[in-house]
Amino acid sequence: MTNQNLYCALRAAFPADLDRTAIECVATEGAAGDAIFYTWRDLDRSSAMIANLLASLELPAHARVLVHTDKSVEALILYLAVLRAGLVYVPLNNAYHASELNYFIDNAEPSVVVCASRDFGWLSKIAFRAGTAHVYTLDDDRRGSLLQRAAHHPGAQVPVQRTANDVASIIYTSGTTGRSKGAMLSHGNLLSNAQVLKTLWAWRSEADGGDVLIHALPLFHVHGLFVASHGALLNGSKMLWFAKFDARAVTARLPEATVFMGVPTLYGRLLADPTFNAHSCRHMRLFISGSAPLLAETFQRFSERSGHTILERYGMSETVMLTSNPCAPVQDRIAGTVGFALPGVGLRVTSADAELVGAVEVRGPSVFQGYWRMPEKTAEEFTADGWFKTGDLGQLDAHGRLTLIGRSKDLIISGGYNVYPAEVEGYLNELPGVEESAVIGVPHPDFGEGVVAVLVPRTGADVDVVACIAALKQRIAGFKVPKQVFAVNQLPRNAMGKVQKALLREHYRALFAH
């Protein structure tokens, strides 16, 4: 039987000359040291050594390897090693603290934990108490007990036999409501999605000039770990590797790259850098945005400043990528939309009434295997005919292009009327002096939920919140107009740049209590 271990497909895409540079670690401003280069041979050999170390531990089949480290090429190599070893990779945000790690370790029951040296003292206690047998350290300076131990193992390894349905990774969801759930993604889920995106986004081979990816995203999330890394690896493309995003440093290296993937926050920071311009983007082929909504104004400003039109796409932890605006023609990329269903992806919008807005549901080869040890929750999230309920609200146009309206849990029902936050935010963001906004619903004694807006003024602007309400009353139905508007310095966001509306709802929960 053909080995369907994801690593086999990635390794087959490596260039014939394994001594070519695969990854260049870029030294950012203020960072010590020079750039460090990794060849394709380094990736293959180093991942084999770590995979052999894992094999020597004689772990149970499909054991989990939980990783809580800083971003580094070695962390990516560790991911490849876990694939090769046929184990399950569980990445966690390195900003999580002890109370959060308690839950994840208890839930995932990992056989191996890898963490930064600075966290070993407290994290190893949690892991050992939960029954984890092995805890290693891995730092972003190529140090740590994991590499020390792996150095004693051979640099060749045959990937463990796996089927397309075997779980390759567990990605924990953001957990904005309740406890995080572990989405189980299989070797087949990840490979099928990467192959579709390689074709759809027209990744260029070496014969066609070759693409070079700027990788400035974290590795604990679908966007950076799977979409970006798999894209480059499956195409045999070089990566310019940034441990942390630095707008000035990224701009300086753009002339050497062709592809950039980022969250909207990163695009805003590029626009804030005075050195960023069309000349720095002269060799770029594709800018891709996802993980959070991109403001139409950012879309337009970026186009004017760079000469490039951002490609927006849509995906989630449970499904990897689902839709994308076209790679070509560029003029078919429309601000505020996330494009069309990927080849092989079923996409529908269902509604209980005649409204154009409805619940987004999907099916296809990249849809996950279910939530780790939550069969009841898994069953709840699928329809009787097998479609996954994304929890997003959306609208499909006549051509099948999807526009996301918001999360179903963010829907506000005020006085019996549905209020879609994204619609109100769109009007708010068009008002003079408003940089961005978030609209939420909080308990209201008369209306059930009262509409509240929280906005961030542009630098140097003085926004009159009373005037904002008055302006909205002239443009949208009265039941949609926020009953109160607050100006703040910044909106709370998670690591991927998504506004944490649950925190806003909690903060303003008692606003109308009296």
Please compute the contact order of the chain in relative form: average sequence separation of alpha-carbon pairs under 8 Å and at least six residues apart, divided by the residue count, as a percent. 10 percent
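What net charge do the residues around R493 carry, taking every other residue with its C-beta under 12 Å from that of R493, with Lys and Arg at +1 and Asp and Glu at -1? Mind showing how you got there, number by number?
Working: positive: K498, K501; negative: E436.
Local net charge: +1.
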When the Cα centres of region 192-245 and region 396-470 are compared, how far apart do they sit, in Å? 34 Å
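Within 10 Å of each residue's Cβ, count the other Cβ atoms and sort L271, L402 from fewest upward. Mind dumping the intermediate values first?
Working: L271 16, L402 23.
Fewest to most other Cβ atoms nearby, the residues stand as L271, L402.
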From DSSP H assignment alone, runs of 4+ in the chain each adding -39500 (n - 2.57), the sum over residues rounded to the nearest 500 puts [θ] at 222 nm at -8000 deg cm²/dmol
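What range in the chain is the longest one free of GluC sites (Glu not before Pro) that are in a loop by DSSP and have at most 16 other Cβ atoms within 10 angstrom? Before the final figure, lay out the partial values.
Values: sites that count: E29, E58, E355, E430.
No qualifying site falls inside 59-354, the longest such stretch.
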Would you calculate the convex hull of the Cα atoms in region 2-93 and tell me its volume per residue in Å³? 119 Å³
Under the 0.36 nm per residue contour assumption, what length would be gained going from the current alpha-carbon distance of A272 and Q148 to full extension? 40.5 nm
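Which ordering of L428, L511 is given by a fewest-first count of other beta-carbon atoms within 10 Å? If you can, show how the numbers build up before the last one.
Numbers: L428 25, L511 15.
The fewest-first ordering by Cβ neighbours comes to L511, L428.
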K480: which lysines have alpha carbons under 24 Å from its alpha carbon, excluding same-chain residues fewer than 8 sequence positions away? K409, K498, K501
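Which whole-number percent gives the relative contact order of region 380-443, counting Cα pairs below 8 Å spaced six or more residues apart? Numbers along the way, then the final one.
Values: 69 pairs, mean separation 12.8, N = 64.
Computed value for region 380-443: 20 percent relative contact order.
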For region 71-86, in order, what is each residue's ³J(HN,Hα) by Karplus, 6.51 cos²θ - 1.76 cosθ + 1.60 with θ = phi - 60°, in whole Hz (x at glycine and Pro)? 5, 7, 5, 4, 5, 5, 4, 4, 4, 4, 5, 5, 4, 4, 7, x
Proximal charge balance of M374 [Cβ under 10 Å; K/R count +1, D/E count -1]: +1
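Compute the semi-axes of the equivalent ellipsoid of region 421-498, taking the square root of 5 times each eigenvalue of the Cα gyration tensor, and list them largest first in whole Å. Present the calculation step by step, with values, prior to reporting the outcome.
On the way: eigenvalues 78, 54, 23 Å².
Semi-axes from the Cα gyration tensor: 20, 16, 11 Å.
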Bin by bin, in steps of 10 Å, what percent of the Cα pairs in region 139-202 do you find, going until the bin that has the longest distance? 16, 22, 36, 24, 2
Could you compute the net charge surrounding T319? Neighbours are other residues with a C-beta less than 13 Å from the C-beta of T319; K and R count +1, D and E count -1. -1
What full-extension length gain, to one decimal in nm, is calculated for L431 and A292 as 0.36 nm per residue of separation minus the Cα-Cα distance? 47.9 nm
If you filter region 114-151 for trypsin sites (Lys or Arg not before Pro), then keep DSSP loop positions with at most 15 other Cβ within 10 Å, what is left? R142, R143
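What ranking of L87, L59, L270 emerges when the number of other C-beta atoms within 10 Å of each C-beta is taken as an exposure proxy, fewest first? Can you show the working numbers first?
Details: L87 28, L59 19, L270 25.
Starting with the residue having the fewest Cβ neighbours, the order is L59, L270, L87.
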Answer with one residue from L393, S205, L431: the one whose Cα lies farthest towards the positive end of the charge dipole of the chain, charges on Cβ with Lys, Arg +1 and Asp, Glu -1. S205
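None of the figures in this text is laboratory data; all of them are computed from the coordinates on show. Just so you know, these numbers come straight off a predicted model, no measurement behind them. Here Cβ is always computed from backbone atoms with ideal geometry, including for glycine, and neighbour counts include all displayed protein chains.
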